[in-house]
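Colleague: First the structure, then my questions, so here it is.
FYI, it's all coordinate maths here, none of it is from the lab. Everything numeric here is computed off the predicted structure, so don't read it as measured data. Cβ placement follows ideal geometry from the backbone for every residue including glycine, while neighbour counts extend to all protein chains displayed.
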Amino acid sequence: MAGSQRFSHTQYPTIALVEQIDSGELSLPDLQRPFVWKQTKVRDLFDSLYRGYPAGYFLFWATPTTEQTHQFASSTGQSQAMKVVVDGQQRLTSLYCVLKGKPILDENNEEKYLRIAFNPLTCEFESRTALHEKDPEWIDDISNVFTASGGSYEATNSFLEQLKGTREVSNDLSSLIGQNISKLESLKNFQFSALELPVDLGVDEVAEIFVRINSAGINLNSADFILTLMSVHRREAREEIEEFCRLAKIPSLTATASPFNHFLKPSPGQILRVAVGLGLKRGRLETAYNVLRGQNPETQEITEEYRDQTFEDLLEALSKVMDLNNWHDFFIIAKQAGYRSGKMVRSHTNFLGCYLAFLIGRHEFNVGASKLREVIARWIFMVFLTGRYTENSSETMITADLRRFQEIKSADGFVELLDQIIHTQLTGDFWEVTLVDRLQTTATNSRYNLAYHASLNLLDAKPLFSKLKFHEILDPGVQGQRNEIEQHHLFPKGHLSTLGISGTKRTNQIANYSFVEWRDNTEIGKLSPDEYFPKYFETFTETEKKDYLFWHALPENWTSMDYYDFIEERRRLIRDVIKEGFLVLEQGYNPYENRTEDNLLNVSELLHHMETNTVEFKSSARASLENDAPEKVINEGIVKTVAAFLNSNGGTLAIGITDDGDICGIQPDLELKHQDIDQYENWLTSLLMNSVGQASISLNTSIRFEPIDAHTVCLIDVEPSKKAVYAKTTKGNNVFYVRVNNSTRILEGPDLEDYLRSNW
């Protein structure tokens, strides 16, 4: 026997739906997203209605008054609804806000109006622009037709008055315009179909119906289904995810920590995907949805107990995914791998897959901070270069990697596994054949070309003919309206045309591109290589010339080469640069080796390397910015770092930069004691001399200041001491500090004796 029907079917004119929203009889439950339609979709909706096309149906639920609901759009209805919208929110929001002329609340919780323009002569709909406001043949906002006290009659007269100011209007045309505007107003009476669910259905059943019908509006995927379940069972967690994603898109206007970054503007589904991998050990969201419904994968039984436990696992993972320390530490590692911003990241799935590996290494295997950074940087480089987690195979590959991780028992095992996978991907054949072949493309955003750009950052390379370094120019924090560097055709297209070579597939090969500062690019224009290159190149030393030829993969005497021979040879040389960049990550390097007075690292270079055994960041030397720590404790942090550098390999301490690499400057320090730069330097010198010793500080340290981004950063450069140095603490103790990876440690007892014996 067929099951009984659990819904009713009702027809509603548009205006009736709008009135029910105003009265509070119809509202929105916590089962959907904020308004996310683009204005073009609103335009298309009204165009379809005007043409009499079907516009889908709504799903309503007659809910108990205790059910949790949202205020709909910006209406002023009652707080408790008799019916809630389960499906069709985007369309209903569009209809309500256009007919009432009210703003919507977008995904950032900001008010904005839906402005749709209408041409009564041609019956066209468009998203309103400034041109429509000035064009007398357009009604620039159809809301004015629906809200006019005199209806279509008033709207028609107003339109004819503005049109007659620019042209003659015949009676026939006036009549046609009146008919078209009247037809527009009649959309108030467009009949919509609604399926209504009875009040006796539980919220679980309503959610199940919602995810099953997958009807008009936003096309749902597995992430949407899971988010819907979260709305039912863990509503606060869903709101937390959405707020996190919202804040990640906008720079923080306060000193409060924020998920905002220059790499990723995440969606709730992306955050959820990482959490499902971390907490549920699943790469496929479809299977994760089933277990979150309470379905035990072994018994296939659905139980409340299994569902609750699964949700708890997911929520614990979400707390780690959205932990700002984890979040920003990973971005630092991405920079360490040569990738400076989201402009260099082609695939978000690759990025998120690497973030998942980082979280597993940190929280499940407790890999040391320094070792984890190094291996994840190598992992990022490999994943981005090979496209390991590309869109089509991401869930399959993530699932396979999660299984591999589950077989590991220790931190060392985790690191060894990642390195093993890296080398099975970056084989000799990959370097010699595959990579060279894949560089045969015109796609400047190909992952192979982006890996080349990352390698240039890793190698501290400079754009062609430039004195600045790539990572200085590409830093998103100092980007202007126009990029300071541009892709330059080494064989300009104008010159190639004189050789009979044309067509983008030939002229726009990435092997024909190199970075130059945009001013140089403009000057070069259509000149041939042998015309422009010697003129620029002769100003550099032989050492500099050698560096530029390597960085930019230029064969010797390339200006006289056949174009096609040049392209073929340069692909191999680009491959060499990428390989060299990877070796930097694999073998490591000390930026302070062979350092001289003339090549001290500036702030941009320090931010490129981030905190290492020779680089340390402090937000302040005396003013507490993050907690209520006493000034003496903050002072002692400066002393410890300098003493550790003296007893190790030297380094640079940057004051006015947070641990995450954000520049805050020393202004709070200056304001605390009403000091200028000179007074601050004198105070800092006295602090170090009194705590470490006058001779050590005088002989081995220097202080300089660098302005950057409207801030001033203080840099203390430290050379290794020729004798052991002890620092006096606030308690009066003499303590021996050393630098271990990116942290400062105390040595004492036998460890101290061994260290002193080995070094002095």
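Colleague: Measure off 7 Å from each Cα along the Cα-to-Cβ vector at His674 and Phe537, then give the distance between these two points in nanometres to one decimal.
Modeller: My value for the distance between the label points is 6.1 nm.
Colleague: Output the peptides 54-61, 425-432, 353-360, 397-404 sorted from most to least packed, where packing is the average of other Cβ atoms within 10 Å over each peptide's residues. Provide the component values of the computation, followed by the final result.
Modeller: On the way: 54-61: 20.0, 425-432: 13.4, 353-360: 24.8, 397-404: 16.6.
The packing order, highest mean first, is 353-360, 54-61, 397-404, 425-432.
Colleague: Between Ala257 and Glu19, what is 0.36 nm times their sequence separation minus the Cα-Cα distance? Round to one decimal in nm.
Modeller: So the extension gain works out to 81.4 nm.
Colleague: Now, a different point. Please give the calculated 222 nm ellipticity per residue for the chain, where each DSSP H segment of at least 4 residues contributes -39500 (n - 2.57) and the sum is spread over every residue; nearest 500 deg cm²/dmol?
Modeller: The helix-only estimate for the chain comes to -15000 deg cm²/dmol at 222 nm.
Colleague: How large is the Kirkwood hydrodynamic radius of segment 219-419, counting all unique pairs of alpha carbons, in Å? Intermediate results must be reported in sequence, preceding the final value.
Modeller: On the way: mean 1/r = 0.0576 Å⁻¹.
Result for segment 219-419 stands at 17.4 Å.
Colleague: At q = 0.19 Å⁻¹, what log₁₀ I(q)/I(0) does segment 600-759 have when each alpha carbon counts as one equal point scatterer in the Debye sum?
Modeller: -1.23
Colleague: Starting from the Cα of Ser410, step 7 Å toward the Cβ, then list every residue of segment 350-386 with an amide N under 15 Å from that point.
Modeller: 365-368
Colleague: Can you tally the net charge around Asn741? Count Lys and Arg as +1, Asp and Glu as -1, for every other residue whose Cβ sits under 10 Å from the Cβ of Asn741.
Modeller: +2
Colleague: Give me P(r) over the chain, computed from all C-alpha to C-alpha distances, binned every 20 Å, as integer percentages.
Modeller: 14, 34, 35, 16, 2, 0
Colleague: Pulled fully out, how much extra length does the chain show between Lys41 and Ser127, if you take 0.36 nm times their separation in residues and subtract their Cα-Cα distance?
Modeller: Values: separation 86, 0.36 × 86 = 30.96 nm, distance 0.93 nm.
Going from the current span to full extension adds 30.0 nm.
Colleague: Which listed residue (Phe192, Pro103, Tyr532) has the Cα farthest towards the positive end of the charge dipole for the chain, taking +1 on Lys and Arg C-beta and -1 on Asp and Glu C-beta about the Cα centre?
Modeller: About the Cα centre, the residue reaching furthest to the positive side is Tyr532.
Colleague: If you don't mind, another one. Please list log₁₀ I(q)/I(0) at q = 0.19, 0.24 Å⁻¹ for segment 277-381, using the Debye equation with identical point scatterers on the alpha-carbon positions.
Modeller: -0.93, -1.24
Colleague: Compute the long axis of helix 203-213 from its Cα atoms, compare it with the longest principal axis of the Cα atoms of the chain, and write down the angle in degrees, 0 to 90, nearest 10.
Modeller: Around 90 degrees separate the two axes.
Colleague: Given R₀ = 30 Å, what would the calculated FRET efficiency be for Ser149 paired with Ala62, taking r from the Cβ atoms and rounding to 0.05? Show your work: numbers first, answer last.
Modeller: On the way: r = 34 Å, r/R0 = 1.15.
Taking R0 as 30 Å, the efficiency between Ser149 and Ala62 is 0.30.
Colleague: First check a/c for segment 436-587, with a ≥ b ≥ c the square roots of the eigenvalues of its C-alpha gyration tensor; if it is under 1.5, answer rounded, and if not, answer prolate when a/b is larger than b/c or oblate otherwise.
Modeller: It comes out rounded by the Cα gyration axes.
Colleague: Here's a follow-up. Given points 7 Å out from each Cα along the Cα-Cβ axis, report the His711 to Ser170 separation in nanometres with one decimal.
Modeller: About 7.0 nm separates the two model spin labels.
Colleague: Can you tell me the 0 to 90 degree angle between the C-alpha axis of helix 14-23 and the longest principal axis of the chain, rounded to 10?
Modeller: Helix 14-23 and the main axis of the chain meet at about 70 degrees.
Colleague: Using the beta-carbon distance between Thr396 and Ser446 and R0 = 22 Å, what value does 1/(1 + (r/R0)^6) give for FRET efficiency, to the nearest 0.05?
Modeller: Efficiency, rounded to the nearest 0.05: 0.50.
Colleague: Rounded to the nearest 5, what % of the DSSP beta bridges within the chain are antiparallel ones?
Modeller: Around 80 percent of the beta bridges assigned by DSSP in the chain are antiparallel ones.
Colleague: Below 11 angstrom from the Cβ of Leu315, what's the summed charge of the other residues (Lys, Arg +1; Asp, Glu -1)? Write out the running numbers ahead of the final one.
Modeller: Values: positive: Arg234, Arg238, Lys320; negative: Glu236, Glu240, Asp308, Glu312, Asp313, Glu316.
For residues surrounding Leu315, the net value is -3.
Colleague: Oh, and also: Which peptide among 381-389, 406-414, 465-473 comes first, and what is the full order, when sorted by highest mean count of other Cβ atoms within 10 Å?
Modeller: 381-389, 465-473, 406-414
Colleague: Give me the extension gain from Ser319 to His363: residue separation times 0.36 nm, minus the current Cα-Cα distance, reported in nm with one decimal.
Modeller: 14.7 nm
Colleague: Roughly how many nanometres apart are two label points built 7 Å out from the Cα toward the Cβ at Glu137 and Ala695?
Modeller: Using points 7 Å along Cα→Cβ, the separation is 9.0 nm.
Colleague: Next question, about the same structure. Putting +1 on Lys and Arg Cβ atoms and -1 on Asp and Glu Cβ atoms, find which of Leu549, Ser514, Ala443 reaches farthest to the positive end of the dipole of segment 436-587.
Modeller: Projecting each Cα onto the dipole axis, the largest value belongs to Ala443.
Colleague: Please list, ordered by chain and number, the residues whose modelled amide H lies under 5 Å from the amide H of Tyr57; skip anything fewer than 5 residues away on the same chain.
Modeller: Correct list: Ala216.
Colleague: Still on this structure, I have one more. Can you tell me the 0 to 90 degree angle between the C-alpha axis of helix 369-386 and the longest principal axis of the chain, rounded to 10?
Modeller: In the chain, helix 369-386 runs at an angle near 60 degrees to the longest axis.
Colleague: Enter the Cα centre distance for the pair segment 104-156 and segment 723-760, rounded to the nearest angstrom.
Modeller: Each part's Cα centre sits 73 Å from the other's.
Colleague: A further question on this structure: List, in the order given, every pair from Lys164/Lys188; Lys462/Lys493; Lys467/Lys546; Lys265/Lys579; Lys640/Lys728 whose Cα-Cα distance in the structure shown is over 19 Å.
Modeller: Distance filter (> 19 Å) returns Lys164/Lys188; Lys462/Lys493; Lys265/Lys579.
Colleague: Lys505 to Asp562: FRET efficiency via 1/(1 + (r/R0)^6), r the Cβ-Cβ distance, R0 22 Å, to the nearest 0.05?
Modeller: Taking R0 as 22 Å, the efficiency between Lys505 and Asp562 is 0.80.
Colleague: About the Cα centre of the chain, what is the dipole size in debye to 20, counting +1 per Lys and Arg Cβ and -1 per Asp and Glu Cβ, all else neutral?
Modeller: It comes to approximately 800 debye.
Colleague: Okay, next question. In debye to the nearest 20, how big a dipole does segment 600-759 give about its Cα centre with +1 on each Lys and Arg Cβ and -1 on each Asp and Glu Cβ?
Modeller: For this selection, approximately 740 debye.
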